[in-house]
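The values are calculated or read from the model by the stated rules, or taken from the named source; none is laboratory data. The shown structure was predicted, so the numbers you read here are calculated from the model rather than taken from an experiment. To get the accessible areas, we keep the full protein, side chains included, count just its heavy atoms, and leave off ligands, DNA and RNA. Shrake-Rupley method; radii C 1.70, N 1.55, O 1.52, S 1.80 Å.
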Amino acid sequence: MFPDDLTTAVLTRAMAGYSARNTAIANNIANADTPGYKRVDVSFESALAGAVDADRQRLRMDVGASISAWDGSDVTRRVDEVAANVMSTDTTTMRVDGSNVDPDDEMARLSANQLASSTVVSLLDKRFAQFRTAITGR
């Protein structure tokens, strides 16, 4: 991978975030019947968007411009610092046993997360296809 390619770095961090969220949702579903279990969620999108904005500012790029740049600087520094934030949702209790996991809600979250993750995988695939074309000329 090209270390100074911001687009690839953003997609890679997004993939890591969706993977962490998928794990959290799977744990929520697995523990749906565990007394006192509190669901967890993962957030990363706003931190990633903020990092992209900061890197664009540093590179003086327009919002509509491509976020790939080869200027010799450490382009991906802020984006690479973004990590998934795992947080427990312990403010609500939906059941008598103290658990707050709704399996139907978790399945809906899982579907949405898988769709977003599949989109990122497709974008990464297209990005690497661009690199292959640039390298091989085909």
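Across segment 13-36, what is the total count of residues that are of a type in the set (Val, Ile, Thr), open to solvent by 50 Å² or more (accessible area, probe 1.4 Å) and under 17 Å from the mean Cα position of the chain (by Cα)? Matching residues across segment 13-36 total 1.
For segment 37-85, filtered to residues that are among the charged types (D, E, K, R), open to solvent by 50 Å² or more (accessible area, probe 1.4 Å) and part of a loop (DSSP other than H, G, I, E, B), the residue that is modelled with the lowest pLDDT is 74.
Just to be sure before I move on: is residue 117 under 16 Å from residue 8 (Cα atoms), modelled with pLDDT of 90 or more, within 20 Å of the chain's Cα centre (by Cα) and in a helix (DSSP H, G or I) in the structure I sent? For residue 117, the condition - under 16 Å from residue 8 (Cα atoms), modelled with pLDDT of 90 or more, within 20 Å of the chain's Cα centre (by Cα) and in a helix (DSSP H, G or I) - is met.
Filter segment 86-114 down to residues that are modelled with pLDDT under 90, among the aliphatic types (A, V, I, L, M) and not in a strand (DSSP E or B) and give me whichever is farthest from residue 29 (Cα to Cα). Across segment 86-114, the extreme among qualifying residues is 96.
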